[in-house]
Amino acid sequence: MNCYRIGGEEFSLVFEEINFVEVENKLEKIRLAVQKINIDEMLLDGEVRGITVSIGVSHIKTFSNIENYISSTDDALYKAKENGRNQLVVGK
């Protein structure tokens with residue numbers, strides 16, 4: 001797996017030679033692990049806050065070119081955010 005920072009808080013994880021269902025499972029494990037992080041020790045006001053992650057994922061073999069792949073994945077990410085965040089959405 002390779003990880004690339006796209007910008008801001010957006011990252012791209014590239015998995016090679018791995019079953020797409022396995023990729024979804026790995027990303028869901030990451031989402032659940034992040035959800036369990038408690039950052040109350042980092043806050044001066046003592047308020048307990050959680051961290052969540054929204055994930056958009058696409059299978060590159062589905063698309064004829066990289067631009068369509070990136071667009072589909074980005075659309076899936078924004079759909080996850082629009083639907084309440086803290087979830088994984090598969091691009092079409």
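Things to note:
- The chain: relative contact order as a whole-number percent, Cα under 8 Å and 6+ apart: 22
- Fluctuation leader among Leu77, Leu13, Leu27 - the chain, Gaussian network, Cα springs under 10 angstrom: Leu13
- Ranked Thr73, Thr62, criterion: other C-beta atoms within 10 Å, fewest first: Thr62, Thr73
- Sum of side-chain charges, Glu22 neighbourhood, beta-carbon under 14 Å (Lys, Arg +1; Asp, Glu -1): -2
- Student exercise, the chain dipole from Lys, Arg, Asp, Glu Cβ charges, in Debye to nearest 20: 220
- Cut-off 14 Å between beta-carbons: net charge of the residues surrounding Asn68, Lys and Arg +1, Asp and Glu -1: -1
- Segment Asn2-Thr62, extension gain: residue separation times 0.36 nm, minus the distance between their alpha carbons: 19.6 nm
- Among beta bridges that DSSP assigns inside the chain, antiparallel share in %, nearest 5: 65
- The gain in end-to-end length when the Asn38 to Glu17 segment is fully stretched comes to 4.2 nm, 0.36 nm per residue minus the alpha carbon separation.
- GNM top mover of Val21, Val53, Val34 - the chain, alpha-carbon springs below 10 Å: Val21
Just so you know, all these numbers are worked out from the coordinates, no wet-lab data involved. Fair warning: this is a prediction, and the values are worked out from it, not measured in the lab. FYI the Cβ positions are ideal-geometry reconstructions off the backbone, even for glycines, and counts take in every protein chain you see.
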